[in-house]
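The values are calculated or read from the model by the stated rules, or taken from the named source; none is laboratory data. From a predicted model like this one, the values you see are computed outputs, not experimental measurements. Cβ placement follows ideal geometry from the backbone for every residue including glycine, while neighbour counts extend to all protein chains displayed.
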Amino acid sequence: MVKIAIITYSVYGHITLLAREIAKGIESTGNEVSIFRVAETLSQEVLDQIHAPPPPKDIPVISADDLKNYDAFIIGIPTRFGNAPAQITNFFDSTGGLWASGALYHKPVGLFTSTSSGGGKETTLRSALSWVTHQGMLYVPLGYAKVFGELADISANQGATPWGAGTIAGPDGSRLPTKNDLKIAYTQGEEFANVSAKLTGVPATKAPAKKSAAESTTEAAAGTTTGAAAAAATTEVKKADAATAKPVEKKATPEEKSAAKCCVIM
Ligand SMILES: Cc1cc2nc3c(=O)[nH]c(=O)nc-3n(C[C@H](O)[C@H](O)[C@H](O)COP(=O)(O)O)c2cc1C
């Protein structure tokens, strides 16, 4: 079983929502996945000023040494002026020892992003390739082959690119990942895990596939305003439980709530 770490930085939860969906795609292949976040570099005072919610309790901070325990990585990078945030590059800068020992050499890596308007969604991921290259890692792009229809869907502002999954958070950060964004994220997880198994030669143990959120819930909030997004996030979404034929309720996750409430951001 390939051990995959999803490494994130997420202030308002959009990257975290995509990471959870990518994780479901990985799990559907029978491989192992853990989600981490990089250390915050902003002071609590600044975080309060930008109304950042507390980070998710179930997602631990990763250290450079932790990378040694994993076979492959997917990194979630929200844009900052078309580049990776300092928090991500700070983490990259802490991996000098791994670079010197070649610990990450030929390990597969995938990337995904979040932007408020779409500006910089590809350059942000490209900016990470310098680190990937110096480590001698194997970049596995999303490409078009498995998600042509989703990437070509221009009915809503498109967060993903062939570089990786993505979402558009909106100018005030209130827009949630769309059904399309979630489906692409799930597929990226699935495909990345399958390719990583080939590249690393580690056989996967097939486990029951989990449905993507895109398949199992109604669309989150494509193109919505703050109020509508908040409503979409907090409204209980009902779906038929195939096993019991009873309706079950899906409550908004903390990330959906914080993404729907948030404020800033260009
Ligand atoms: C300093 C700064 C620069 C940003 N630059 C851009 C940008 O160039 N293009 C863009 O679309 N969004 C930009 N954003 C918005 C973030 O990308 C957005 O907040 C993020 O994708 C939300 O992800 P999260 O909910 O996971 O934190 C910027 C935000 C900040 C704080």
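See the values below:
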read-out: Elements of type helices (runs of 4 or more DSSP H) in the stretch 144-222, at least 2 residues being at pLDDT 90 or above and more than 22 Å from G13 (Cα to Cα); value: 148-151, 179-200
read-out: Condition broken by E122, with the remaining ones in (1) under 15 Å from I74 (Cα atoms); (2) surrounded by fewer than 24 Cβ atoms within 10 Å (Cβ to Cβ) satisfied; value: (1)
read-out: Any hit, the stretch 8-19, residues being buried (at least 21 other Cβ atoms within 10 Å of the Cβ), away from the ligand (no atom under 16 Å from the Cβ), at negative phi and touching a residue at least 12 places away in the same chain (Cβ under 8 Å); value: no
read-out: Candidate set from the stretch 105-143 (those that are outside any loop (DSSP other than H, G, I, E, B), more than 23 Å from E190 (Cα to Cα) and not hydroxyl-bearing (S, T, Y)); member that is nearest to the ligand (Cβ to nearest atom); value: W131
read-out: Only one of P171, P177 that is surrounded by fewer than 17 Cβ atoms within 10 Å (Cβ to Cβ) and touching a residue at least 12 places away in the same chain (Cβ under 8 Å); value: P171
read-out: Any hit, the stretch 89-104, residues being among the polar types (S, T, N, Q) and assigned to a loop (DSSP other than H, G, I, E, B); value: yes
read-out: First in the stretch 112-123 and of a type in the set (V, I, T), second anywhere and more than 6 Å from the ligand (Cβ to nearest atom) and outside any helix (DSSP H, G or I), Cβ under 6 Å, 6 or more apart; value: T113/I77; T113/G166
read-out: Total residues in the stretch 22-43, condition buried (at least 23 other Cβ atoms within 10 Å of the Cβ) and within 13 Å of the ligand (Cβ to nearest atom); value: 1
read-out: Subset of the stretch 57-83 [within 11 Å of the ligand (Cβ to nearest atom) and not in a strand (DSSP E or B)]; value: T79, F81, G82
